[in-house]
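Asker: Can you read through this structure? Questions will come right after.
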Amino acid sequence: MNKKLVVGVVGLSMGKQHLAAAVQYGAEIAAICDINEKTLASVGTEYGIPIQKQFTDYHVLVQNPHINLIIIAAPDQLHRQMCEDFLAAGKHVMCEKPLALTRRDMQTIIHATQKQDTKFMVGQICRFTPAFVKAKELIDAGTIGELYYTESEYAHDYAKILHGWREDSARHGVIGGGCHAVDLLRWYAGDPLEVFAYGTHKMLPQVPYDDATIAVLKFPNRIIGKVFVSTACKRPYTMRTLLYGTKGTIICDNTSDHMILYTLGEDGISIKAQPEIIPLEIKNHNTTKEFEVFAKAIENNLPITMDAIQGAKTIAVCLAIVESSSCGRPIAPDYHF
């Protein structure tokens, strides 16, 4: 590495985990930023970051010439402007999911990344969750044969974590949180060709969008899938994911210490009497691995798999789901950015 990574973190609710990952990697922390002064002081104290490196205005970080890597974990509605500003300042940027909430904002960010010779990564953290990574390895190895059906869910009760930015009509639950499940299925099965969705609204009357949505997706290679999003379910947070192949089935989630793998027995027709239980490390939000991958891409000039265009494609599917649920007809996601 020719230049040490000097990091600034904006938004310390989720950003605190990114900060911990940067510290563990050995990066220099030049600044932290949050509009909540109590949060700012608390995180600063916890990580030994002096007050002169604590800011409530992100523009101070934009103007700091020593910072070369920014982590944006601010509310989704602020992503576009912050990405524009930091990219224009020549900084590498890791932006939390979702990339943005509208096509216009996503197009603006993509255009901004194309004008700079810096790295940009969207924080689709599930691509670093041990269970989901292992599932991807098994699929790619042909362990369950040819994939034909896959489903994932984003089940998360927002009742006690609703804030103004989560109540914004533009931040539909499918876009803000359900993008996790959508991105996983894109990773496993490719870009959906068409979606059809239904929604209902019984649990969170204070939000203007449906609090439960189910979508059926048609993927290339005759793969079908389903995404379920609930932002008010009365159960522990989970992203339970099932992957059905011609030779076996994977059942996994982001909060369990194991996954279940069913494979064919000697007759090549029936499954084995006992499934394989594969132990896993529980790292629901594996920011450590995420930061490591981004840092090494910067240091070694490696391509970014989850770049702005890929982040936009995930949200394009989410937008199609929301539109389908509203209009009652199938929608083909628009991937042209």
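Asker: Please tell me if VAL229 is crowded, with 18+ Cβ neighbours inside 10 Å, in contact with a helix residue (DSSP H, G or I) (Cβ under 7 Å, 6 or more places away or on another chain) and within 12 Å of GLY173 (Cα to Cα).
Answerer: It is true that VAL229 is crowded, with 18+ Cβ neighbours inside 10 Å, in contact with a helix residue (DSSP H, G or I) (Cβ under 7 Å, 6 or more places away or on another chain) and within 12 Å of GLY173 (Cα to Cα).
Asker: For the condition under 15 Å from ILE309 (Cβ atoms), in contact (Cβ under 8 Å) with a residue 60 or more places away in the chain, surrounded by 20 or more Cβ atoms within 10 Å (Cβ to Cβ) and not charged (D, E, K, R), what is the one hit in PHE120, PHE132?
Answerer: Exactly one residue qualifies, and that residue is PHE120.
Asker: In region 152-190, what residues are among the basic types (Lys, Arg) and at pLDDT 90 or above?
Answerer: Correct list: ARG186 only.
Asker: Taking only pairs six or more apart or across chains, which ones have beta-carbon atoms under 7 Å, a first residue in region 156-182 that is over 14 Å from THR238 (Cα atoms), and a second residue that is in a helix (DSSP H, G or I) and among the charged types (D, E, K, R)?
Answerer: Hits for this filter: TRP165/ASP76; ARG171/ASP76; GLY176/ASP76.
Asker: Does GLN24 fit the bill of being at pLDDT below 95 and of a type outside the set (Phe, Trp, Tyr)?
Answerer: Considered against the rule, which asks whether it is at pLDDT below 95 and of a type outside the set (Phe, Trp, Tyr), GLN24 comes out as no.
Asker: Please tell me if LEU61 is of a type outside the set (Asp, Glu), surrounded by 20 or more Cβ atoms within 10 Å (Cβ to Cβ) and either assigned to a helix (DSSP H, G or I) or at pLDDT 95 or above (or both).
Answerer: Yes; evaluated as a whole, the condition is true for this residue.
Asker: Mind counting the residues in region 12-30 that are outside any helix (DSSP H, G or I) and open to solvent by less than 10 Å² (accessible area, probe 1.4 Å)?
Answerer: 1
Asker: Moving on. Can you tell me which residues in region 138-195 are among the hydrophobic types (A, V, I, L, M, F, W, C), part of a loop (DSSP other than H, G, I, E, B) and open to solvent by 20 Å² or more (accessible area, probe 1.4 Å)?
Answerer: Selection gives ALA141, ALA159, ILE161, LEU162, TRP165, ALA170, LEU193.
Asker: Still on this structure, please answer the following. State the number of residues belonging to region 236-245 that are out of contact with any Cys (no Cβ under 7 Å at 6 or more places or on another chain) and surrounded by 16 or more Cβ atoms within 10 Å (Cβ to Cβ).
Answerer: Adding up the residues that qualify gives 6.
Asker: Consider LEU217 against the criteria (1) surrounded by fewer than 21 Cβ atoms within 10 Å (Cβ to Cβ); (2) over 23 Å from SER13 (Cβ atoms): it satisfies all of them except one. Which criterion is unmet?
Answerer: (1)
The values are calculated or read from the model by the stated rules, or taken from the named source; none is laboratory data. Everything quoted here is computed from the prediction, not taken from an experiment. Here Cβ is always computed from backbone atoms with ideal geometry, including for glycine, and neighbour counts include all displayed protein chains. Calculation scope for accessible area: heavy atoms of the full protein, side chains included, ligands and nucleic acids excluded. Shrake-Rupley method; radii C 1.70, N 1.55, O 1.52, S 1.80 Å.
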